[in-house]
Amino acid sequence: MEMEHDADQRKTVTSQISRKEKNNNTEFAEERHFLNKIARNILNKNEPNINVYLLICFVGITLGLLLQIINVKNTFKDISKDYETEGRKYWVYSAYSDVENKNGLLKHVHLVLERIGFEKSTNKTPWTLLWSHDYPFRVLYPNLHRLKPNQRVNHFPGTGFITNKVDLATSDSKYIPKAFKLPKNKEEFLKYASKNKNALFLEKHNQHRGVFLKNVSEIDLSSGESFVQEYVQKPFLVDGHKFDIGVYVVLTSVNPLRVYYYTGDILFRYCPAKYYPFDPKNLDKYVVGDDYLPIWEVPSLAHPYTALGFSMKEVFNTYVRSKGKDPAIMWEEVENAITEVFLKKEHHVIEALKNYPSSDNFFELMRFDLVVDENLKVYLLEANMSPNLSSAHYPPNQLLYEQVLYNLFSLVGVASYINGRANINLREQTLAENMVSSQKNIAVWSDECSTKCRDRCEELIICGLCRPCLSNKLRNSLLKSYREFLHKGDFKRLFPPKMVQKAFAPEEIKNLNEMNKLQYLWYQGKCNMDITWCA
């Protein structure tokens, strides 16, 4: 009888061992060895039956609990990993530059993205951000013409009409020095030069490098590789040095148009050689190159910048005021010059976007370069599609670049986890976004919507902003506008422009397209309700 009972015990233990082996889990090798030892003890010893039975039960229950704890722990680790990295992958692209190197051209792009929880990946993974150093819409069109809602790209199709040097230089604007394509506009150029005999012209290559100051007789009028632009001969100088002003600008939307500029600081670059006595053969006197003179080496600016810790912009403003001039007017003109470019070129971007299902996938960071003359009159020279964000030449610029990038990613929602998950369903995405911006956050003009617009959407133009009349496209854009307002950081709205409470003037919108008119009125409505929305 005792032998039969031992046999039953042996079967029970053997059965437990068999079940463990089926799991094929190496984490339990020691536990299987322990059960085998117990089985051998049972066969070799005559222990009381009840004690053996209880011991086996205790071991089985303990191992079961241990298995559950480990499974829960592993599950939690998987969930945590998904929460941290799922849908937060980015890749970088350039056909000409080494952008994969984390210590190279895009060092600070990589650093900032990793700091906000992104993982560097490739286009073969479910990425949420593409940072392209080149214009990507030709080579990468197959990757970009069917983007998912959570995927973002750091360029807009069609913005080449802004960042291309010739297209921008030949735009009709009081802020842009007169320019001519050669040989296409040869006759027009000669006519202009004959009327402005003291004018000098910069001959520029159509793409990037090559700037030479010449008089009319020295210019090759038959060249198809260059254009000429009138030169600003009497620039404002700081300690005798000419300089240019780099303003970081972000385009977040077209139709309706929304543009922001970075107010945390402005990049000032000074020519290495003093301007006077002027020598057109010495480019260092009037052309800002890669080896420019940094602000901390300009005598009048070095101390307030380094020792006192002021921004480049504030240091410059202080210097200007010390010369008896008011920089406020200059900065207002800078804003007007940049805004005008976007209003003139927006239709090109709208047209290019027709090949893409949504404009919400795109944003763009540019740097506009400007100069000022001795009277602080502003001239816009160019817009850089992929502005330099490498501090390799000038390490102190690292903070500027990283703050620009962090504020950019916050503004456009890249830094927001809500908009970053790849596996979230539509309902959950909507509920998550509603936590940030919902209908009540974009409702404006309550008096008019409750009376004149209540039954007739055509009664007033602002009726188009009332909930029953609001189109889905505009509604989604305004919800996005509200999120941008909450997360704009050191970016300031450039367009729509700043407003005054209760002081809307119809002439401000008469030349805008329909969507821009409605968006302008929406911002005016928000301004009327809360003064912080006016600027």
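How high is the relative contact order of the stretch 459-525, in percent, counting Cα pairs under 8 Å that sit 6 or more residues apart?
On the way: 22 pairs, mean separation 28.9, N = 67.
Once divided by the residue count of the stretch 459-525, the mean separation gives 43 percent.
Lys440 to Asp279: extension gain in nm, 0.36 nm per residue of separation minus the Cα-Cα distance?
Details: separation 161, 0.36 × 161 = 57.96 nm, distance 6.24 nm.
Difference between extended and current length: 51.7 nm.
Going by average Cβ density within 10 Å per residue, which order do the peptides 248-255, 223-230, 525-532, 497-504 take, highest to lowest? Working shown, then result.
Details: 248-255: 23.5, 223-230: 18.4, 525-532: 16.5, 497-504: 13.8.
Ranked from most to least packed, the peptides come out as 248-255, 223-230, 525-532, 497-504.
Mind giving me the nanometre distance, one decimal, between the label points for Ile531 and Glu332, set 7 Å out from Cα along Cα→Cβ?
1.9 nm
Could you compute the net charge surrounding Tyr520? Neighbours are other residues with a C-beta less than 13 Å from the C-beta of Tyr520; K and R count +1, D and E count -1. Present the calculation step by step, with values, prior to reporting the outcome.
Details: positive: Arg258, Arg493, Lys498, Lys510, Lys517, Lys526; negative: Glu507, Glu508, Glu514.
Result for the neighbourhood of Tyr520: +3.
To check my understanding: the extent here is largest minus smallest coordinate of the Cα atoms along each principal axis. What are those three numbers for the stretch 243-303, in Å, largest first?
49, 31, 17
For Lys181, list the lysines whose Cα falls under 21 Å from its own Cα; do not include residues on the same chain fewer than 8 positions away.
Straight-line reach from Lys181, under 21 Å: Lys165, Lys191, Lys195, Lys197, Lys204, Lys214, Lys344, Lys345.
Keeping every protein chain present and rolling a 1.4 Å probe, give me the accessible area per residue for the stretch 128-263 in Å². Walk me through the intermediate numbers first.
Working: 5760 Å² over 136 residues.
The answer is 42 Å² per residue.
Take every Cα-Cα pair in the stretch 93-243 and report what % of them are more than 18 Å apart. Display every interim value, and only then the final one.
Details: 7792 of 11325 pairs.
Result: 69 percent of Cα pairs exceed 18 Å.
At a Cα cut-off below 23 Å, give the lysines reachable from Lys488, other chains included and same-chain residues fewer than 8 away excluded.
Lys89, Lys313, Lys440, Lys473, Lys480, Lys498, Lys517, Lys526
What's the FRET efficiency of Tyr141 with Lys344 using the Cβ-Cβ distance as r and R₀ = 25 Å, to the nearest 0.05?
Calculated transfer efficiency: 0.45.
Distance from the Cα centre of the stretch 494-517 to that of the stretch 317-362, in angstrom?
First find each Cα centre; the distance between them is then 16 Å.
Whole Å is fine, so just give me how far the alpha carbon centre of the stretch 427-473 lies from that of the stretch 211-238.
Comparing the Cα centres of the stretch 427-473 and the stretch 211-238, I get a distance of 52 Å.
Any idea how far the Cα center of the stretch 275-314 sits from the one of the stretch 102-161, in Å?
What the calculation gives is 34 Å, centre to centre.
Taking all protein chains in place and a 1.4 Å probe, what share, in percent, of the accessible surface of the stretch 491-535 do carbon and sulfur account for?
Details: 1170 of 2150 Å².
Accessible surface attributable to carbon and sulfur in the stretch 491-535 totals 55 percent.
Net charge near Thr263: determine it from the other residues with C-beta under 9 Å of the C-beta of Thr263, scoring Lys and Arg +1 and Asp and Glu -1.
Taking every other residue near Thr263 into account, the sum is 0.
Over all directions, average the projected area of the Cα convex hull of the stretch 420-531 and note it in nm². Can you show the working numbers first?
Working: hull surface 33.0 nm².
Mean shadow area of the hull around the Cα atoms is 8.3 nm².
7 Å from Cα along Cα→Cβ at both Thr122 and Asn375: what's the point-to-point distance in nm?
So the two model labels end up 5.9 nm from each other.
Any idea how far apart Glu100 and Ser390 come out in nm if each label point goes 7 Å out from Cα toward Cβ?
Those two pseudo-labels are separated by 1.7 nm.
Within the set of other residues whose C-beta is less than 12 Å from the C-beta of Val166, count the net charge using Lys and Arg as +1 and Asp and Glu as -1. Write down the numbers at each step before the final one.
On the way: positive: Lys165, Lys181, Lys184, Lys204; negative: Asp167, Glu225, Glu382.
Spelling it out: positives minus negatives among the neighbours equals +1.
What full-extension length gain, to one decimal in nm, is calculated for Lys325 and Glu218 as 0.36 nm per residue of separation minus the Cα-Cα distance? Before the final figure, lay out the partial values.
Details: separation 107, 0.36 × 107 = 38.52 nm, distance 3.71 nm.
Taking Lys325 through Glu218 to full extension adds about 34.8 nm, to one decimal.
Ordered by packing density, taken as the mean number of other Cβ atoms within 10 Å over each peptide's residues, highest first, how do 376-387, 483-494 rank? Don't jump to the answer; show the numbers that get you there.
Working: 376-387: 20.2, 483-494: 18.7.
Ranked by mean Cβ neighbours within 10 Å, highest first: 376-387, 483-494.
Kindly state, to the nearest 0.05, the FRET efficiency for Ser450 paired with Ser358, given R0 = 41 Å and r defined as their beta-carbon distance.
Values: r = 33 Å, r/R0 = 0.80.
Plugging the Cβ-Cβ distance into 1/(1 + (r/R0)^6) gives 0.80.
Using Cα pairs under 8 angstrom and six or more residues apart, how large is the relative contact order of the stretch 345-441, in percent? Walk me through the intermediate numbers first.
Numbers: 52 pairs, mean separation 13.8, N = 97.
Reported relative contact order: 14 percent.
Mind ordering 88-97, 263-272 by average Cβ neighbours within 10 Å, highest first? Please report the intermediate quantities before stating the final value.
Working: 88-97: 17.9, 263-272: 20.1.
Ranked from most to least packed, the peptides come out as 263-272, 88-97.
The values are calculated or read from the model by the stated rules, or taken from the named source; none is laboratory data. None of these values were measured; they are calculated from a predicted model. Neighbour counts are summed over all protein chains in view; Cβ atoms, including those assigned to glycine, are modelled from backbone coordinates with ideal geometry. For the accessible areas, the whole protein counts, side chains as well, though only heavy atoms, and no ligand, DNA or RNA atoms are used. Shrake-Rupley method; radii C 1.70, N 1.55, O 1.52, S 1.80 Å.
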